[in-house]
Amino acid sequence: MSTFPTVRLRRTRQNEKLRSLVRETHLAIDQLIYPLFIAEDISEPHEVSSMPGIMQWPLEYLGHEAERIASLGIPAVLLFGIPTEKDEVGSQAYDSKGIIQQAIRRLKAETPDLLVITDVCLCEYTSHGHCGVIHNGYVQNDESLDLLASMALSHVEAGADLVAPSDMMDGRVGAIRRTLDEHGFSSTPIMAYSAKFASGFYGPFREAAGSTPQFGDRRAYQMDPANVREALREVDLDIAEGADIVMVKPAMAYMDVIRQVRDRCNLPIAAYNVSGEFAMIKAAAQNGWIDERRVTMEVLTGIRRAGADMIITYFAPDMAGWLREQ
């Protein structure tokens, strides 16, 4: 085997053109998905205090924001709804006149080429803040499936391009797939939150989406952060039930999970660069401790390097600008 001085790995690092030629992992705008929060009870955009630059949007402003996102070349948005009224069974989640259903129709009318993905979960719509029906203080898995399937169907009927169940109820991908197929939507893809961990990185999101549980936590249905073999089982089950895209969430602390999912399956993989990850970088950058652009590029490159095909990230608009400047 040849060794130094014959082999000099620095030869291809001398300048940016050489580095670009041999670069193994690439970020592109068309790999990005941007989350949007749509609130029913506001008349002006409202900034989320723990997520600088991220807004809750009223319907009236949504079209303008969607046009901005589309103009940047970002191909897709992921919608989260914040209704005015909440109840025990999250009935606004599957109401044809609900906030998300209205938002979908508006987006498809005003920016038809923008892919609309919708989060399918009851937590933003229930008075207790949990992701399913509650009996005796416990989230009921099987009783929640019909409601989740109805929610997904209402989104697709309103014009959603993809649905993304995030509730972590067992069997929900299959229930949604059957319901969509039975109603003539067999071509609509499902992006499953397959390995969604019970993470401390979700704090800012709960402010943005108004989805903090009113009691207990979600560890009885979201995954234990210590488990990777179980994550692979979740992925296998979602694929068997009809998932078209699988997701790992969060991303930064779970790159090993992304890599093992990549090695195990050939489906497209999404990774969610979640609110806490965003907020940490923003806070450190605002304090002058890190270079926001450089660190963000490094983190998202790492997520891609781990095996993700697409990244859901609050940095999408910034990233689109930075990538265009390269």
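The figures follow:
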{"read-out": "Contacts under 6 angstrom Cβ, first residue in the range 236-261 being more than 14 Å from residue 199 (Cβ to Cβ), partner open to solvent by 20 Å² or more (accessible area, probe 1.4 Å) and in a helix (DSSP H, G or I), 6 or more apart", "value": "242/177"}
{"read-out": "Any hit, the range 13-23, residues being open to solvent by 30 Å² or more (accessible area, probe 1.4 Å), under 28 Å from residue 133 (Cβ atoms), assigned to a helix (DSSP H, G or I) and among the hydroxyl-bearing types (Ser, Thr, Tyr)", "value": "no"}
{"read-out": "Check on residue 238, surrounded by fewer than 17 Cβ atoms within 10 Å (Cβ to Cβ) and either of a type in the set (Phe, Trp, Tyr) or modelled with pLDDT of 95 or more (or both)", "value": "no"}
{"read-out": "Neighbours by Cβ (under 6 Å, 6+ apart or cross-chain): first from the range 115-132, within 19 Å of residue 156 (Cα to Cα); second buried (at least 24 other Cβ atoms within 10 Å of the Cβ) and charged (D, E, K, R)", "value": "121/167"}
{"read-out": "Any chance residue 152 is in a helix (DSSP H, G or I), under 28 Å from residue 46 (Cβ atoms), small (Gly, Ala, Ser) and more than 15 Å from the chain's Cα centre (by Cα)", "value": "yes"}
{"read-out": "Count of residues meeting criterion [open to solvent by less than 40 Å² (accessible area, probe 1.4 Å), touching a residue at least 60 places away in the same chain (Cβ under 8 Å) and assigned to a helix (DSSP H, G or I)] in the range 267-300", "value": "8"}
{"read-out": "Any chance residue 66 is part of a loop (DSSP other than H, G, I, E, B), at pLDDT 95 or above and buried (at least 21 other Cβ atoms within 10 Å of the Cβ)", "value": "no"}
{"read-out": "Cβ pairs under 7 Å, 6+ apart, first in the range 161-184 and without any contact (Cβ under 8 Å) to a residue 40 or more places away in the chain, second open to solvent by 50 Å² or more (accessible area, probe 1.4 Å) and outside any helix (DSSP H, G or I)", "value": "180/186"}
{"read-out": "Residues of the range 44-56 that turn out to be open to solvent by 30 Å² or more (accessible area, probe 1.4 Å) and touching a Pro at 6+ places or on another chain (Cβ under 6 Å), as a count", "value": "2"}
{"read-out": "Positions within the range 101-126 being assigned to a loop (DSSP other than H, G, I, E, B), of a type outside the set (A, V, I, L, M) and under 23 Å from residue 212 (Cβ atoms), in sequence order", "value": "121, 123, 124, 125"}
{"read-out": "Every residue from the range 241-266 that is of a type in the set (A, V, I, L, M, F, W, C), within 15 Å of residue 300 (Cβ to Cβ) and not in a strand (DSSP E or B)", "value": "251, 252, 253, 255, 258"}
{"read-out": "Filtered residues of the range 83-109 (kept if at pLDDT 95 or above, touching a Gly at 6+ places or on another chain (Cβ under 7 Å) and open to solvent by 10 Å² or more (accessible area, probe 1.4 Å))", "value": "105, 106, 108"}
{"read-out": "Every residue from the range 301-314 that is part of a loop (DSSP other than H, G, I, E, B) and free of Cβ contacts under 8 Å to residues at least 60 places away in the same chain", "value": "307"}
{"read-out": "Among the residues listed as 167, 217, the single one being at pLDDT below 95, in a loop (DSSP other than H, G, I, E, B), touching a Phe, Trp or Tyr at 6+ places or on another chain (Cβ under 8 Å) and of a type in the set (Asp, Glu)", "value": "167"}
{"read-out": "Count - residues of the range 220-235 that are open to solvent by 60 Å² or more (accessible area, probe 1.4 Å) and either at pLDDT below 95 or assigned to a helix (DSSP H, G or I) (or both)", "value": "4"}
{"read-out": "Selected residue (criterion: nearest to residue 270 (Cα to Cα)) from residues of the range 176-197 that are in a helix (DSSP H, G or I) and open to solvent by less than 10 Å² (accessible area, probe 1.4 Å)", "value": "176"}
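The values are calculated or read from the model by the stated rules, or taken from the named source; none is laboratory data. What you are looking at is a predicted structure, and each value in this text was computed from that prediction instead of being measured. All Cβ positions, glycine included, derive from the backbone under ideal geometry; neighbour counts span all protein chains shown. Note: areas computed on protein heavy atoms with side chains; ligands, DNA, RNA excluded. Shrake-Rupley method; radii C 1.70, N 1.55, O 1.52, S 1.80 Å.
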